[in-house]
Structure formats: structure tokens, C-alpha cells
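Structure first, then comments.
The values are calculated or read from the model by the stated rules, or taken from the named source; none is laboratory data. Worth saying up front: this structure is predicted, and the values here are computed from it rather than measured. Positions of Cβ are backbone-derived with ideal geometry, glycine not excepted, and every protein chain shown enters the neighbour counts. Protein only, heavy atoms only, side chains kept; ligands, DNA and RNA dropped before computing areas. Shrake-Rupley method; radii C 1.70, N 1.55, O 1.52, S 1.80 Å.
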Amino acid sequence: MIRTLAVLPVKGFSRAKQRLRRGLSDPAREALVEAMLADVLSALRLTAVDRVLVVTAGEAPRRIARAHGAEVLGDDEAGHNAAAGLGIGVALSEGFDRALLVPGDCPALDPAEVDEPPSALVVPDRHGTGTNALLLSPPDSMSPSFGPGSCQRHVELAQARHTAVQVVNLTSLGLDVDTPEDLEALARLSTRAQRTHDVLARC
């Protein structure tokens, strides 16, 4: 039986999504970040992942994670890649076969798109250059290197380790919300992410 740990590196809400400040007040921005995380966690509960781990230093993300049955691991806010590495360490130490690294800002996540076969799977963002998700089997098949240009970088890292790698465009995971334009794209995407849509309707 293949066991999968989903890992979500999450910033404290007050520090998250700074580029949305030009379109949203700080309270609205923080409410939106909270709603997006809740939508992602709700979707993950409908997938075949065995456990969900939220890596965060923020108290509000901890509360949301526990309310949705996820486990919590504290970090020192050294960045997304460092937090992802902590989650991979848990996956290795507890004998998981796969680590699924997913963001907390893809609220339209479709559970059916997450249940993929074992592989090193790279899910690009909707622009095709960044990485929104990694499925690593085994969990240490590559070191995560999120950031600008990371899609091709992750492919090269996998190839350097002689790991078979697939780049798969998944619509619901391709849309991460960083800018007001992303919010407009989310509104057009689907009726999923109900909490997120509810917050946006009040903004």
C-alpha cells in the first residue's frame, strides 16, 4: 500500500499575499488567505492522501489546520523551500512512500486531480514557469526549489537524480492566488472554493 503525506508550507496570515494589498484591505486579505487554506484542506480530505501536514509559524494557520484534521509542524519562517524540506523530513522519518507538496493558495483544488500515480510529478502554475505542486516518490527524490523559473529547475533536479519526471498541467492546481488578476481568473474557473468565493463576495 502506497502511503502519501501531503505537506502545506503556510505563512502567517499577516505576512501572506502582500501583492493583494493593492486591491484588498489588510483584514480582507487575511480573511481571504484563511478561506483559501480552509478550501485546500477541505479538498485534501476528499483525496487518497493518508495524512496532511501544515508547516507554519503562524497561530491562525495552526488553528485552521487542526480544525480540518491536519497535523501541524512549526517552522522558523526561513522560507517556502525550508518549510517544504521540514515536511519531507517527516515523510522520510515516518516511512511515507510519497510526499505531495501543495500550496495553501490553490483554493479550487479538485480532489480528483490529486490522486495521481507514483512518480516525480511537477505541476506548473498557469503561466508555465513556476511550480504549484510536487509529488515526490520517494519523498527525497529531489530537493524542492520553489520560486521563479522553478518548473524547469525541478525537471532538471529530477533528471540529475535519474528520477523519472512528468510535468502535468492540472487546471485546479495551476491557479495559485497572488495578484488581483489571479482572483479574476479564480472567479472564472469554477464554483469550487466556496469559502474563498464567499470572502470575495464581501470584499
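Listed by first and then second residue, the pairs with beta-carbon distance under 6 Å, at least 6 apart or on different chains, first residue in region 35-63 and closer than 22 Å to ALA201 by Cα, second among the acidic types (Asp, Glu) and surrounded by 17 or more Cβ atoms within 10 Å (Cβ to Cβ), are MET36/ASP105.
List the helices (runs of 4 or more DSSP H) inside region 1-97, counting only whole elements, that have at least 3 residues being at pLDDT 95 or above and over 15 Å from the mean Cα position of the chain (by Cα).
Numbers: elements: 26-44, 59-67, 80-93.
Passing ranges, in order: 59-67, 80-93.
Where helices (runs of 4 or more DSSP H) sit wholly within region 125-197, those with at least 2 residues that are more than 18 Å from GLY104 (Cα to Cα), modelled with pLDDT of 90 or more and not polar (S, T, N, Q) occupy 150-160. For region 88-145, a residue qualifies if it is under 21 Å from ARG161 (Cβ atoms), open to solvent by 20 Å² or more (accessible area, probe 1.4 Å) and among the polar types (S, T, N, Q), and the qualifying residues are SER93, SER137, SER143, SER145.
Note on region 165-183: residues that are closer than 15 Å to ASP115 by Cα, open to solvent by less than 30 Å² (accessible area, probe 1.4 Å) and not hydroxyl-bearing (Ser, Thr, Tyr) total 2.
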